[in-house]
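Structure first, then comments.
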Amino acid sequence: MRVAYVDTSCLVAIAFGEPNASVLARKLEGFDELVSSNLLGAELWASFAREEVGPDARLLSWISWVLPDRPLSQEIGQALAVGYLGGPDLWHLACALYLVETPREISFITLDDRQRSVAEGLGFPT
């Protein structure tokens with residue numbers, strides 16, 4: 001089963017038809033399951049509000065939610081040991097680490113270069 005953790009940047013690009021959005025959408029369709037932190041919902045809705053357009057809830061229907069039941073201090077420390085990220089990007093990587101025993105088990109899909117670099121440093125296919 002092919003699983004990918006999806007960062008908000010991907011759904012924002014698709015929602016607003018950014019360059020290569022159709023290529024990205026096809027890439028996401030190639031996975032059996034897409035997962036993300038529910039932070040994605042807040043970030044996506046904030047993007048719709050910033051652009052003054054109505055939200056498209058269909059995008060969230062693609063996602064299975066990661067809902068950690070404990071602090072992610074270990075995963076946050078693990079990610080920060082590879083490279084600095086701001087809070088939201090760090091949280092997404094920590095949630096992806098929470099899901100798996102080893103990062104090689106799932107892909108991490110993002111359009112953010114720094115976040116991708118840290119994800120690759122952790123061992124996630126990107």
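The values are calculated or read from the model by the stated rules, or taken from the named source; none is laboratory data. Every value quoted in this text rests on a predicted model; they were computed, and no experiment measured them. Because the Cβ atoms are built from the backbone with ideal geometry, glycine has one as well, and the counts that use them run over all protein chains shown.
Things to note:
- Contact map, the stretch 23-45: residues that are part of a strand (DSSP E or B) paired with residues that are basic (Lys, Arg), Cβ distance under 9 Å, separation 6+ or inter-chain. Pairs shown: Glu33/Arg2.
- The set of residues in the stretch 81-104 that are surrounded by 14 or more Cβ atoms within 10 Å (Cβ to Cβ) and either modelled with pLDDT under 95 or over 21 Å from Val12 (Cβ atoms) (or both) comprises Val82, Gly83, Leu97, Tyr98, Leu99, Val100, Pro103.
- As a summary of the residue check, Ala15 satisfies the conditions (1) among the small types (Gly, Ala, Ser); (2) exposed (fewer than 13 other Cβ atoms within 10 Å of the Cβ); (3) in contact (Cβ under 8 Å) with a residue 12 or more places away in the chain; (4) farther than 27 Å from Gly121 by Cβ except for the one numbered (2).
- Residues that are assigned to a helix (DSSP H, G or I), more than 15 Å from Cys95 (Cα to Cα) and of a type outside the set (A, V, I, L, M, F, W, C) within the stretch 2-22 comprise Ser9, Ser22, listed in sequence order.
- Scan of the stretch 66-81 for residues that are touching a residue at least 24 places away in the same chain (Cβ under 8 Å) and of a type in the set (S, T, N, Q), ordered by number: Gln78
- Any hit, the stretch 61-80, residues being farther than 13 Å from His92 by Cβ, of a type in the set (Lys, Arg) and modelled with pLDDT under 95: no
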